[in-house]
Amino acid sequence: MENLVIIWSGPAGHTAAIYAARANLKPLMFEWFLAWWVAAWWQLTTTTVIENFPGFPDWIDGTQLMMNMRQQSLNSWTRIETKTVDKVDLGQNPFKVFVGNEVIETKSLIIATGATAKRLGIPWEDKYRQKWISACAVCDWWLPMFRDKHLVVIWWWDVAMEEAMHLSHFANKVSLIVRRDVLRASKAMQEKVIDNPKINILRNTEATEAIWDDFLKWLKIINNKTNEESQIECEGLFYAIWHTPNTSFLEWQINLDDTGYIQTNPWTVETNIKWVFAAWDVADKKYRQAITSAWTGCMAALDAEKFLST
């Protein structure tokens, strides 16, 4: 019987593990193995430069930050297994966690499974998404086919701004496709993008089709105000769009909103099931920051400690 099982291993999961382990709860973490086609440690491993995480006045590489968190969890005597949780049974306490042929019983559970980037659904997307279409600029920028080329980034939030800025260091031109006439990103990031001579912003624009001839050559676009269709020459396409919360393994045993995010009680990490806690981004569609994830991981561990001490 486990005191606490933590599902997945991003900033939320590792912060929860550190706090829980220091409280002698002996947490067991499943950091997953290529669940939803992403590796353990989640989104921060796709970010090369993190400038806004407290404690690093210059910057830190995202993968290095996650390696530091993982080592700190281990140093606190968290048990970490690189396995994927297939499903859970939340019908009664102790809860059951199914991992392959194993069934683990636990008194409390912290869900920190995050969310996965969506696709656009345009023609040819699935066939070429691991070649000239990518959902992670900082993962794939180094590929020779993207060097000194015209690249396109789609969407308008901070992550799209960040990816456009990152790609501008290696591309000869970056077009940023924005669905509206405003950039919904922080003012500081907007200013960086607008002032970058390599970045061209196409407002009120949506992509409709990628055109190929052995490799990506053109992108069909439409102005959603005038309905004018055109195409731009490009040799790489990067998505920075909405996410899908990784909650399918829960099989609706817990309250989710209409987009699949876990619903929590206001200003808490408590779900509708006692002693099951949701630590961000699996419950957060607004902030999506490493520091807010860490904050909720701390909250979940403290709540679990309170329960287990009663």
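The values are calculated or read from the model by the stated rules, or taken from the named source; none is laboratory data. Computed from a predicted structure; not experimentally measured. Counting neighbours? That spans all protein chains shown, and the Cβs are built from the backbone with ideal geometry, glycine included.
Descriptive notes on the structure:
- Complete set of residues in region 148-160 that are buried (at least 22 other Cβ atoms within 10 Å of the Cβ) and either within 13 Å of residue 198 (Cβ to Cβ) or modelled with pLDDT of 85 or more (or both): 151, 152, 153, 154
- Single residue of region 172-197 satisfying the filter (in contact with a helix residue (DSSP H, G or I) (Cβ under 7 Å, 6 or more places away or on another chain) and closer than 21 Å to residue 234 by Cβ) that is surrounded by the fewest Cβ atoms within 10 Å (Cβ to Cβ): 196
Per-residue answers, yes or no, for (1) within 25 Å of residue 182 (Cβ to Cβ); (2) surrounded by 21 or more Cβ atoms within 10 Å (Cβ to Cβ):
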| position | (1), (2) |
| --- | --- |
| 230 | yes, no |
| 233 | no, no |
| 237 | yes, yes |
| 250 | no, yes |
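- Residue 285 falls short on exactly one of the conditions (1) at pLDDT below 95; (2) closer than 14 Å to residue 111 by Cα, and that condition is (2).
- Sole exception among (1) over 22 Å from residue 7 (Cα atoms); (2) among the basic types (Lys, Arg); (3) within 16 Å of the chain's Cα centre (by Cα) for residue 225, by number: (3)
- Options 265, 272, 227, 223: the member that is touching a residue at least 12 places away in the same chain (Cβ under 8 Å), over 26 Å from residue 149 (Cβ atoms) and polar (S, T, N, Q): 272
- Which listed residue, of 260, 297, is buried (at least 16 other Cβ atoms within 10 Å of the Cβ), within 19 Å of the chain's Cα centre (by Cα) and outside any helix (DSSP H, G or I): 260
- Filtering region 270-282 for residues that are modelled with pLDDT under 90, surrounded by 13 or more Cβ atoms within 10 Å (Cβ to Cβ) and assigned to a loop (DSSP other than H, G, I, E, B) leaves a non-empty set.
- The number of residues in region 180-213 that are of a type in the set (Ser, Thr, Tyr) and under 22 Å from residue 230 (Cβ atoms) comes to 2.
- For residue 127: the one exception among (1) surrounded by fewer than 18 Cβ atoms within 10 Å (Cβ to Cβ); (2) assigned to a helix (DSSP H, G or I); (3) modelled with pLDDT of 75 or more: (3)
- Counted residues, region 69-95 - those being closer than 18 Å to residue 16 by Cα, within 20 Å of the chain's Cα centre (by Cα) and surrounded by fewer than 14 Cβ atoms within 10 Å (Cβ to Cβ): 1
- Residue in region 185-201 that is touching a Phe, Trp or Tyr at 6+ places or on another chain (Cβ under 7 Å) and on the phi < 0 side of the Ramachandran plot present: yes
- Of all residues in region 27-52 being over 21 Å from residue 296 (Cβ atoms) and either among the polar types (S, T, N, Q) or in a loop (DSSP other than H, G, I, E, B) (or both), the one that is modelled with the highest pLDDT: 51
- For region 230-251, the set of residues classified as closer than 30 Å to residue 145 by Cα, assigned to a loop (DSSP other than H, G, I, E, B) and among the charged types (D, E, K, R) consists of 235 only.
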